[in-house]
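To start, the structure itself, in structure tokens.
Coordinate-derived values only; no laboratory data. No experiment lies behind these values; they were computed from the predicted model shown. As a convention, Cβ positions derive from the backbone with ideal geometry for all residues, glycine included, and neighbour counts pool all protein chains shown.
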Amino acid sequence: MRALNVCRLKALVWATLSAPLLWLLILISQELRQPNSALGPEPSEALLHYLGEWALIMLLLAFAVSPLRRRLHWPPLGQARRLVGLFAFTYATLHVLTYLGLYAQFQLAEVIDDFVHRPYITAGMAAFGALLLMAITSTQGWRRRLKRRWQQLHRGIYVAAALAVIHLLWLRKDNTLDSAIYLSVLALLIVERTVFFWQQRQRREVGS
């Protein structure tokens, strides 16, 4: 019964997190039939920002799984953490590929120049690097090989989430409502985890 519930949960997560990609495919098909309609006057920019924003949302969702599992007292939710993280990586990969293909045109010199001279690109690429490392090592095989170091490595989600929010803030340079929301969510999740680890430490000290 528990395995069945976990399967249902993962199926629900898969369907929900796939929905933005399905909607994007619909927009692209409309754009191909009637240019500058579904994606606006700057389709490349709209596509880049759409994928980037959903990558950030997915990353914050992955970061929120453990706090939600604790606060809702719902252990099965932890079984979906890897899946949500892989969705975040998928959206981030599509975002990066859109930038590389439509903006940098796969020119290494252009990418390096942006990385060096545009801080928001630097932050975004660093966030993607952290996500890439976690995605590669997300399997049970890597978890067995790395042992305790696996958990330390996957705390890189702190770095990835922070850098992703910084990437957005530096990119927009204006105090929009959604930027403030993302920053507030990140801060709330960090505070929750800080309080949780402090409580765990206090319990260990009392028990010793």
On Cα atoms only, tilt of 2-33 relative to the major axis of the chain in degrees | 10
Cut-off 14 Å between beta-carbons: net charge of the residues surrounding Ser179, Lys and Arg +1, Asp and Glu -1 | -1
With +1 on the Cβ of every Lys and Arg and -1 on the Cβ of every Asp and Glu, the dipole magnitude of the chain about its Cα centre, in debye rounded to the nearest 20, is 1800
Out of Pro67, Ile121, Val159 - ranked by how far each Cα lies towards the positive end of the dipole of region 42-197, with unit charges on the beta-carbon of charged residues - the top one is Pro67
Taking the chain as the reference, fit the longest principal axis to its C-alpha atoms, fit the long axis of helix 81-98 to the helix C-alpha atoms, and give the angle between the two in degrees, 0 to 90, nearest 10.
-> 20
Once you have a ≥ b ≥ c as the square roots of the Cα gyration tensor eigenvalues for region 105-178, tell me rounded if a/c is under 1.5, and otherwise prolate or oblate according to whether a/b is larger than b/c.
-> oblate
Specify the angular offset, from 0 to 90 degrees and rounded to the nearest 10, of the alpha carbon long axis of helix 108-117 from the longest principal axis of the alpha carbons in the chain.
-> 70
Proximal charge balance of Trp14 [Cβ under 14 Å; K/R count +1, D/E count -1] = +4
Specify which labelled value, from [x] 1.14; [y] 1.42; [z] 0.95, agrees with Cα Rg over 2.2 N^0.38 Å derived from the coordinates of the model shown.
-> [x]
Sequence order, region 196-203: Karplus ³J(HN,Hα) from phi using 6.51 cos²θ - 1.76 cosθ + 1.60, θ = phi - 60°, Hz rounded, Gly and Pro as x, gives 4, 5, 5, 5, 4, 5, 5, 5
Between region 21-65 and region 133-208, how many Å separate their Cα centres?
-> 25
Highest mean packing first, using Cβ neighbours within 10 angstrom, the peptides 54-66, 121-133 sort as 54-66, 121-133
